[in-house]
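Reviewing the structure listed below.
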Amino acid sequence: MAVEIKYVVVRKGEEKMTFASKKEADAYDKMLDMAEVFCDWLSAAPLDMDENQREALGMFLSENKDAVQHILRTSKMPEAESSRPVASVAALTAEDADADADADADAEEKKPKAGRIKAA
């Protein structure tokens, strides 16, 4: 019999995610805390948003906190590929992943082959 340790993040009595390491669970819990604060902050803003929109935007901002910090610090968009907006796990579907794979395959086909270029 094997013994496995799992770390479960629970919010409002609901299991959100299960992790194999405490470090990952703590990081996810911290991200949820940040999303909740963003949601509360957005509810005080003079914006016409329903609760679902505030929660989604709060989660998006917390998932992309590094890019948000860079924008606030420099007033410029981050240039690194790693700073692309992260899609929420719930929002990313298999269909989206298939579309990305198809686009990558199309881009690969359009690249010129180095050995086929001839000098005039």
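Here is how the numbers come out for the structure above:
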| read-out | value |
| --- | --- |
| Failed item in (1) out of contact with any helix residue (DSSP H, G or I) (no Cβ under 8 Å at 6 or more places or on another chain); (2) assigned to a loop (DSSP other than H, G, I, E, B), with Met49 passing the rest | (1) |
| Scope the range 31-47; condition loosely packed, with under 13 Cβ neighbours inside 10 Å and either within 15 Å of the chain's Cα centre (by Cα) or within 18 Å of Val8 (Cα to Cα) (or both); matching residues | Asp33 |
| Residue match in the range 10-18 (condition: loosely packed, with under 10 Cβ neighbours inside 10 Å, in contact with a strand residue (DSSP E or B) (Cβ under 7 Å, 6 or more places away or on another chain) and at pLDDT below 90) | yes |
| Matching entry among Arg73, Arg54 (being assigned to a helix (DSSP H, G or I), among the charged types (D, E, K, R) and surrounded by fewer than 10 Cβ atoms within 10 Å (Cβ to Cβ)) | Arg73 |
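The values are calculated or read from the model by the stated rules, or taken from the named source; none is laboratory data. Remember, it's a predicted structure, so these values are computed and weren't measured experimentally. Neighbour counts run over all protein chains shown; Cβ positions are idealised from the backbone, glycine included.
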